[in-house]
Amino acid sequence: MSYILKRFVLYFLAFCVSLILNFLLPRLMPGDPVGTMFARFKGRLSPEAMDALKQSLGFSGDSLLDQFWAYLHSLSQGDLGLSVAYFPTPVTEVIATGLWWTLWLAGLSVLISFIIGTSLGILIAWRRGSWLDQSLPPLFAFLGAFPYFWLAMLLLWVFGFQLDWFPLRHAYGDDLEPSWSWLFISDMFRHAALPALSIILATLGGWMLSMRNTMITVLGEDYISLAQAKGLSSKQVMLRYAARNAILPNLTAFGMAIGFVVSGSLLTEIVFSYPGQGYLLVQAVRAQDYPLMQGLFLTITTSVLCANCLLDLLYVLLDPRTRSSS
Amino acid sequence: MKHNHLPLLQLSNLEVTYLSDLSQADTQDFISVQDVSFDIQEGELFALVGESGCGKSTLINAVLRTLNPPGVISGGQCFFLGSDLFQITESKLNQLRWSALSLVPQSAMNALNPVLNIWAQFQDVLEKHDQQDLSLKSSMSSSQIEQPSEQELRTLVVETLELVELSADVLKLYPHELSGGMRQRVTIALALILRPKLIIMDEPTTALDVIVQHEIMQVVLRLRDELGFSILLITHDLPLVLSLADRVGIMQKGKLLKVATPTQLLLEPQIDYIAQLIHASKIPIPKALNSKLTIESALPKHQAKTVTLKAKNLVKIYKQKSFWKSTQKTVLQNVNLELYQGETLALVGASGSGKSTLARLFMQMEQPTSGEIYLGEKRLDPKKVDRAFKTQIQMVFQDPFGALNPIHTIAYHLQRPLLIHQVCTAQQVRAQALALLESVGLSPAHEFIDRYPHALSGGQRQRVCIARALASRPKLLIADEPTSMLDVSLREDLLLLLQQLIQEHQLSLLLITHDLSTAQALADQVAILDQGKIVEQGLTTEVFQNPQHPFTQRLVKAIPQTPNLSASQNLREDQSV
């Protein structure tokens, strides 16, 4: 129990640090982001709006500490200021849509990749030396050797451009309004297919190989021989004894991959003009949209922390040895 | 023993081959076990003895059909309860496995699935096997044919745990929460749960310290008398076998040399190898004592002994700080020791008694909580680590396989201490390293010096470790169980080597061990450590002949008797009482 509490305290501290950094970084940057930014808005914004923008960014001339309190206050209200690139949409709203699409695309593909890769790893380790074991690892090592944006471009060109099986860009058709209709959802799948496939192809091999390798080490353990000698079915030995132990290191890697999900598989999203987090981040950098950047960094760090925290809890459930280490 | 019955297990002409890797042309099939035939009668304890690598474990894996690829059974039959284990289908085999033929695996440390609690590991095997069969065998009187309920299964498990003197509390624990001895008992209970006809025990006690070893074997023998199963015991502990087994099979290089009763073996150990094994397991008491005597008589009797190392009131307390509370664990309490030049002090104790901690303090890997350590006249400064002291104290570790970095040659391992401790110049360093190798009996040295550790056997590696420890010309050598990972036949040579080096260089040796016979053979003095306290200390001969402290008495009693007929008779009478 105290182990879980300790974890929570640790993650809370990490969260505080990320908040402080997120607040300080734009203020520590060399040059004057405010000046450049406001220069671009001269004439386009009313003076009141300019003031509000300055206020929301915290460039009010108050002391740093006062600014920090103001920042925390508005944060607690869910107020991250207004986006510059998508003016006058609030940052929270911009991020919410981006986050949704990223979770949908990258989350789904990382999950699929993890599940398929790990299962294949279990299988080929169990049948090591079989033709499957001989052929799959080199194949996926080959695919994994491509940068995944390159794979994305290849897929886009072959299946989108040449064969015209899948749409070329965006998360859904331009002629559709987001709704829970069958038409819209099937369109979402069609748009997600290529980018998801490129991520899956590029990452599957990693899951498979790492699972295969730990699995083979575990298969050499005495408790596997004992389980076989106990007369348990091979399915039970494979899953309950071998895979159950071998999956633990893979899960740690999965936690980190979730971080990768939220920061958006940047290049894939750009190749497909997919409106996820990564795409937003690029937009924000291009437009020198500091509020949006700040908001994005905050969501990314927070979700990485949350994912790892959840995984730690899962670990406590899955590995009894962590429970007593407290 | 009724020999007119059909044997329980009849193995004939077993051959196991490790197939060559097809992708590598230059490898060849390797026949690991060849033409092995023996049988086991009902209620018999049949022991298989041999060095590691002789094919014992391969043999059991073949019998259980749990060989890992590329190993395959390439010939032979194994009749068990009327069917050939090598021919029957997997599902038929799975029914026989455990319900009639179970296993107590080597190193119980890793034999239990770390992520399942003990109950779950009983449960899966109970659920798997024929429930009807089970209810017949269980001691529960009910004659139900329907599946026994979870409660009834639990009762059965608890009963079995009681047989091995464990309480029901262990069921909800996970393997890592149990001590080595408890885990071993759990695996024995697990092997007994379906009341099998034959239990294969693969080195069931090697990982444990002597006292626990003794207790566990007592439990096993008592259970055999109560429940009437047969045992196939795999071991390299010959004294144990000679005192307990009904028949012994001796294996060497994949072949079964001989099957005989212990009495026959001792009376006429016709085969050289057997004589060698029997001799080696006695540990070199006569030789060692002889050479010690000559040394002592050569020295003037009343010469004052020089103290090399002195520990005064050493205390070590580990503080564990968790988030809210801190706990203390006293590992060493007021330890006083004196070690003389040219002498060996054996530090004997069960695992967890603080032996290794004491060694770490002497090595300055850790600092004592209080107390003083003197090297010669000078006191070790607890605040700073002094290289001059490190030069004078060197260590030989337990595991020769882990103690040498596999990516460096032997030359590298020996030259580094020579240079670090500035024993010689860079020009002489190779010659020095060669000389060191010669001095530990690795001769001709130039054949060994450029090899990598993996190209040496365990015994040779341990010699390299000793040479490395000698490189800085220390005054004190600390050897932490230097022979426990080696085969019996190698131990004697290594111990003799250590003894010879001590006399040659007038070193002091602190020998850490839980093996009393080693201590007996090598040490001038012994100190018995129990729970961080030295409970008895004195001349080896006195301590062993007349142990005072109850703990020492238990230790001495747990030494497997040197195999002679009267002793083995005695031990068996012990059993029947």
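The values are calculated or read from the model by the stated rules, or taken from the named source; none is laboratory data. Source: prediction; values computed, not measured. Backbone-built Cβ (ideal geometry, glycine too); neighbour counts: all protein chains shown.
Each row is one residue, and each column tells you yes or no for (1) outside any helix (DSSP H, G or I); (2) at pLDDT 80 or above.
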position: B:Ala527; (1), (2): yes, yes
position: B:Ile534; (1), (2): yes, yes
position: B:Gln537; (1), (2): yes, yes
position: B:Val543; (1), (2): no, yes
position: B:Arg554; (1), (2): no, yes
position: B:Pro560; (1), (2): yes, no
position: B:Ser566; (1), (2): no, no
position: B:Asn570; (1), (2): no, no
position: B:Gln575; (1), (2): no, no
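A quick yes/no check of all residues on (1) at pLDDT below 85; (2) in contact with a Ser or Thr (Cβ under 7 Å, 6 or more places away or on another chain):
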site: B:Val186; (1), (2): no, no
site: B:Leu192; (1), (2): no, yes
site: B:Lys197; (1), (2): no, yes
site: B:Met201; (1), (2): no, no
site: B:Leu208; (1), (2): yes, no
site: B:Val212; (1), (2): yes, no
site: B:Glu215; (1), (2): yes, no
site: B:Gln218; (1), (2): yes, no
site: B:Leu221; (1), (2): no, no
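Just checking: which of the helices (runs of 4 or more DSSP H) contained wholly in segment B:388-492 hold 2 or more residues that are over 25 Å from the mean Cα position of the chain (by Cα)? Working first, answer last.
Working: elements: B:410-420, B:429-439, B:458-470.
Output list reads B:410-420, B:429-439.
Residues in segment B:446-468 that are surrounded by fewer than 22 Cβ atoms within 10 Å (Cβ to Cβ) and among the aliphatic types (A, V, I, L, M): 3 in all.
In segment A:151-160 there is no residue matching the filter, namely being among the aromatic types (Phe, Trp, Tyr), without any contact (Cβ under 8 Å) to a residue 40 or more places away in the chain, under 30 Å from A:Ala246 (Cβ atoms) and assigned to a helix (DSSP H, G or I).
Scanning segment A:199-258 for residues that are in a helix (DSSP H, G or I), over 19 Å from A:Arg321 (Cα atoms), of a type in the set (D, E, K, R) and within 14 Å of another protein chain (Cβ to nearest Cβ) yields a total of 1. Say whether the condition of being touching a Ser or Thr at 6+ places or on another chain (Cβ under 6 Å) and buried (at least 22 other Cβ atoms within 10 Å of the Cβ) is met by at least one residue in segment B:224-235. Looking for residues that are touching a Ser or Thr at 6+ places or on another chain (Cβ under 6 Å) and buried (at least 22 other Cβ atoms within 10 Å of the Cβ), one finds none in segment B:224-235, hence no. Condition check for B:Glu447 on (1) without any contact (Cβ under 8 Å) to a residue 12 or more places away in the chain; (2) charged (D, E, K, R); (3) closer than 19 Å to B:Leu347 by Cα: one failure, at (3).
Looking only at segment B:158-189, filter to residues that are within 14 Å of chain A (Cβ to nearest Cβ) and β-branched (Val, Ile, Thr); which one of those is farthest from B:Glu215 (Cα to Cα)? Quick ask: steps written out before the conclusion?
So the first thing to find is which residues in segment B:158-189 are within 14 Å of chain A (Cβ to nearest Cβ), and the list is B:170-180, B:183-184, B:186-189.
Right, trim to β-branched (Val, Ile, Thr) and you get B:170, B:186-188.
Details: B:Val170: 19, B:Val186: 14, B:Thr187: 15, B:Ile188: 13 Å.
If we take residues in segment B:158-189 being within 14 Å of chain A (Cβ to nearest Cβ) and β-branched (Val, Ile, Thr), then B:Val170 is farthest from B:Glu215 (Cα to Cα).
So which of B:Leu238, B:Leu198 ends up being buried (at least 20 other Cβ atoms within 10 Å of the Cβ), more than 14 Å from every other protein chain (Cβ to nearest Cβ) and of a type outside the set (S, T, N, Q)?
Details: B:Leu198 fails: more than 14 Å from every other protein chain (Cβ to nearest Cβ).
Result of the check over B:Leu238, B:Leu198: B:Leu238.
Filtering segment B:29-54 to residues that are farther than 20 Å from B:Gln87 by Cβ and touching a helix residue (DSSP H, G or I) at 6+ places or on another chain (Cβ under 9 Å) leaves B:Ser32, B:Gly43, B:Leu45, B:Ala47, B:Leu48, B:Val49, B:Gly50, B:Glu51, B:Ser52. Of the helices (runs of 4 or more DSSP H) that lie entirely inside segment A:39-107, those containing 3 or more residues that are at pLDDT 85 or above and touching a Leu at 6+ places or on another chain (Cβ under 7 Å) span A:91-102. For B:Gln499, are the conditions met, namely being of a type in the set (S, T, N, Q), crowded, with 24+ Cβ neighbours inside 10 Å and either in contact (Cβ under 8 Å) with a residue 40 or more places away in the chain or in contact with a His (Cβ under 6 Å, 6 or more places away or on another chain) (or both)? Spelling it out, it is not the case that B:Gln499 is of a type in the set (S, T, N, Q), crowded, with 24+ Cβ neighbours inside 10 Å and either in contact (Cβ under 8 Å) with a residue 40 or more places away in the chain or in contact with a His (Cβ under 6 Å, 6 or more places away or on another chain) (or both). Restricted to helices (runs of 4 or more DSSP H) entirely inside segment B:52-131, no element has at least 3 residues that are under 24 Å from the mean Cα position of the chain (by Cα) and either more than 20 Å from B:Pro196 (Cβ to Cβ) or among the acidic types (Asp, Glu) (or both). Within segment B:148-188, being of a type in the set (A, V, I, L, M), crowded, with 21+ Cβ neighbours inside 10 Å and touching a residue at least 60 places away in the same chain (Cβ under 8 Å) holds for B:Val186, B:Ile188. Of everything in segment A:301-325 that is touching a residue at least 60 places away in the same chain (Cβ under 8 Å) and aliphatic (A, V, I, L, M), the residue that is nearest to the other protein chains (Cβ to nearest Cβ) is A:Leu318.
Going residue by residue through segment A:118-125, is there one that turns out to be exposed (fewer than 15 other Cβ atoms within 10 Å of the Cβ) and assigned to a helix (DSSP H, G or I)?
The first filter runs over segment A:118-125 and keeps only residues exposed (fewer than 15 other Cβ atoms within 10 Å of the Cβ), leaving A:119.
Applying the additional criterion that residues be assigned to a helix (DSSP H, G or I) yields A:119.
Within segment A:118-125, one or more residues are exposed (fewer than 15 other Cβ atoms within 10 Å of the Cβ) and assigned to a helix (DSSP H, G or I).
Whenever a residue of segment B:110-123 is without any contact (Cβ under 8 Å) to a residue 12 or more places away in the chain, its partners that are in a helix (DSSP H, G or I), lying with C-beta atoms within less than 6 angstrom and at least six residues away or across chains, give the pairs B:Asn110/A:Asp222. Out of curiosity, is A:Pro167 out of contact with any Cys (no Cβ under 6 Å at 6 or more places or on another chain) and either acidic (Asp, Glu) or surrounded by fewer than 22 Cβ atoms within 10 Å (Cβ to Cβ) (or both)? Yes.
So which of B:Leu166, B:Leu194 is among the aliphatic types (A, V, I, L, M), closer than 13 Å to B:Leu103 by Cβ and in a loop (DSSP other than H, G, I, E, B)? Full working, then the answer.
Details: B:Leu166 fails: closer than 13 Å to B:Leu103 by Cβ.
After ruling out the rest, the residue left standing is B:Leu194.
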